[in-house]
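Working notes for the structure below.
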Amino acid sequence: ALTVKMAALAAAGTPVEAPSGRAVFAEGLLELLKPAVQQLDQHVHSVRESQVELREHIDNLAAELCRINEDQKVALDLDPYVKKLLNARRRVVLVNNILQNAQERLRRLNHSVAKETARRKAMLESSGVYPPGSPSK
């Protein structure tokens, strides 16, 4: 897309300075990474929501088991099961915290990619590759 725009600008009589291969590679790499980072962020967000829902279900089940245990006439020891549920809940909370940290890092990476993309576009516009106000794609 970049070479088509450069050819169109050159045909229109606009002096065009070819961007360095490094700049073109960097812009292409940023454009490639941005959708992947955004998709990964969406998936992490979905997993975090399901983790919260799972934690709520575990809490409800543990409370229900405690209530059943209190209502039983026969002494039925549900404590081991309640402990297992609480242990599972603790692990879900730990996974949720890990996902939250990963999502925050992804958010910062996405912000950096967007910032670098804007900087590269501004640099290309100022060097005459893109006229100001023209779409870059």
Restricting attention to the range 36-70, the residues that are touching a Leu at 6+ places or on another chain (Cβ under 8 Å) and either touching a residue at least 40 places away in the same chain (Cβ under 8 Å) or more than 21 Å from Gln100 (Cα to Cα) (or both) number exactly 13
If I filter the range 70-93 down to residues being of a type in the set (Lys, Arg) and under 29 Å from the mean Cα position of the chain (by Cα), which single residue comes out as least open to solvent (accessible area, probe 1.4 Å)? Arg89
Could you please let me know if Arg67 is in a helix (DSSP H, G or I), open to solvent by 60 Å² or more (accessible area, probe 1.4 Å), basic (Lys, Arg) and assigned by the TED database to the domain that holds Val113? no
For the range 103-122, check the following and say yes or no: at least one residue is modelled with pLDDT of 80 or more and touching a His at 6+ places or on another chain (Cβ under 9 Å). yes
Quickly run through the range 100-120 and pick out the residues that are open to solvent by 60 Å² or more (accessible area, probe 1.4 Å) and touching a residue at least 60 places away in the same chain (Cβ under 8 Å). Arg107, Leu109
Just for the range 1-35: of the residues that are closer than 30 Å to Leu99 by Cβ and surrounded by fewer than 12 Cβ atoms within 10 Å (Cβ to Cβ), which one is modelled with the highest pLDDT? Pro35
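The values are calculated or read from the model by the stated rules, or taken from the named source; none is laboratory data. The shown structure was predicted, so the numbers you read here are calculated from the model rather than taken from an experiment. When we count neighbours, we look across all protein chains shown, and the Cβ atoms used for this are built from the backbone with ideal geometry, even at glycine. Accessible surface is based on the protein model in full, side chains and every heavy atom, while ligands, DNA and RNA are left aside. Shrake-Rupley method; radii C 1.70, N 1.55, O 1.52, S 1.80 Å.
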